[in-house]
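K.L.:
I'd like to ask you about the structure that follows.
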Amino acid sequence: MNNLVDLMNATGTTPIELSKGTGIPISNVRRLMTLDDLSGIYKATQTKLAGYFGITVNQLVNGGTRMKNKILETEIRKHAEALAVALRKYTDVPIYFHLSVMTRDNLTDEPDAPDYYDFVIHELDDFGEIKKMTSKAFLIHYDDEGIIKTTPFYSNERNDNDSPC
């Protein structure tokens, strides 16, 4: 498995940036991206790549928790920043946004239990009072290919999840 491509995608690193940051020629970076795995490349190249991404050579070649955590953290930050941009773009008032995501819920007996997420948006009015704009909750259903559908999630007490927008 070539973890280099995953790391580059997660961190938004281009081949040119990686070349400049490591001193590895751009043609070599592009070649490395096409390999099935990185175990057979020069140790010096492995060390430069691992150092650039802040992981060990073993994690670069074999994967590992630290590498996966780095990719996960980068993905979360990227999407949080996109949400902040959307909130600024579509609102003119101070907004408080809360998102919760639960994945791989082991508390159910369902073998393919869906993931869950909810969000709440509050705004600050002219008097400094916080008022709820909306809240929604959904289940995410998967198959082997990825997400197949999302469905509204309703608790015992219905909230504004049944709103069409």
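A short reminder: the numbers here are calculations on the coordinates, not readings from a lab. What you are looking at is a predicted structure, and each value in this text was computed from that prediction instead of being measured. Please note: Cβ atoms are built from the backbone with ideal geometry, for glycine as well, and neighbour counts cover all protein chains shown.
K.L.:
Note the angle between two axes, namely the Cα long axis of helix 65-90 and the longest principal axis of the Cα atoms of the chain, as a number of degrees from 0 to 90, rounded to the nearest 10.
P.N.:
Tilt relative to the chain: about 50 degrees.
K.L.:
Can you run phi through the Karplus equation (6.51, -1.76, 1.60; θ = phi - 60°) for the range 40-52 and list ³J(HN,Hα) in whole Hz, with x for Gly and Pro?
P.N.:
3J(HN,Hα) across the range 40-52, in whole Hz: x, 8, 4, 4, 5, 5, 4, 5, 5, 5, 4, x, 4.
K.L.:
At 222 nm, what helix-only mean residue ellipticity would the chain give, in deg cm²/dmol to the nearest 500, using -39500 (n - 2.57) for each DSSP H run of four or more?
P.N.:
-13000 deg cm²/dmol
K.L.:
Taking the number of other C-beta atoms within 10 Å as the exposure measure, put Asp112, Asp6 in order starting with the fewest.
P.N.:
Asp112, Asp6
K.L.:
Based on the Cβ-Cβ distance from Lys89 to Ile16, what FRET efficiency comes out when R0 is 41 Å, to the nearest 0.05?
P.N.:
Approximately 0.90, to the nearest 0.05.
K.L.:
Let me ask another. Residue by residue through the range 26-38, which ³J(HN,Hα) values in whole Hz follow from phi under the Karplus form 6.51 cos²θ - 1.76 cosθ + 1.60 (θ = phi - 60°), with glycine and proline marked x?
P.N.:
Taking θ as phi minus 60°, the curve returns 4, 4, 6, 4, 4, 5, 4, 5, 8, 6, 5, 8, 10 Hz for the range 26-38.
K.L.:
I would also like to ask the following. Could you check the simple spin-label distance between Asn58 and Asn28, using points 7 Å along Cα→Cβ, in nm with one decimal?
P.N.:
2.5 nm
K.L.:
By count of other Cβ within 10 Å, fewest leading, how are Phe153, Phe53 ordered?
P.N.:
Taking fewest neighbouring Cβ atoms as first place, the list is Phe153, Phe53.
K.L.:
Sorted from largest down, what three extents in whole angstroms do the Cα atoms of the chain have along their principal axes?
P.N.:
In descending order, the Cα extents are 60, 45, 23 Å.
K.L.:
Let me ask you something else. In square nanometres and to one decimal, what's the mean projected area of the convex hull around the Cα atoms of the range 3-69?
P.N.:
It is 3.8 nm².
K.L.:
What shape does the range 49-104 take by its C-alpha gyration tensor, where a ≥ b ≥ c are the square roots of the eigenvalues and a/c under 1.5 counts as rounded, a/b above b/c as prolate, and the rest as oblate? If you can, show how the numbers build up before the last one.
P.N.:
Details: a/c = 5.25, a/b = 2.38, b/c = 2.20.
Judged from the Cα gyration tensor, the range 49-104 comes out prolate (a/c at least 1.5, a/b above b/c).
K.L.:
Between beta-carbons, use under 9 Å as the cut-off and find the net charge around Phe153, counting Lys and Arg +1, Asp and Glu -1.
P.N.:
0
K.L.:
What does the extension gain come out to for Asp125 and Ala137, with contour length at 0.36 nm per residue minus their alpha carbon separation?
P.N.:
1.9 nm
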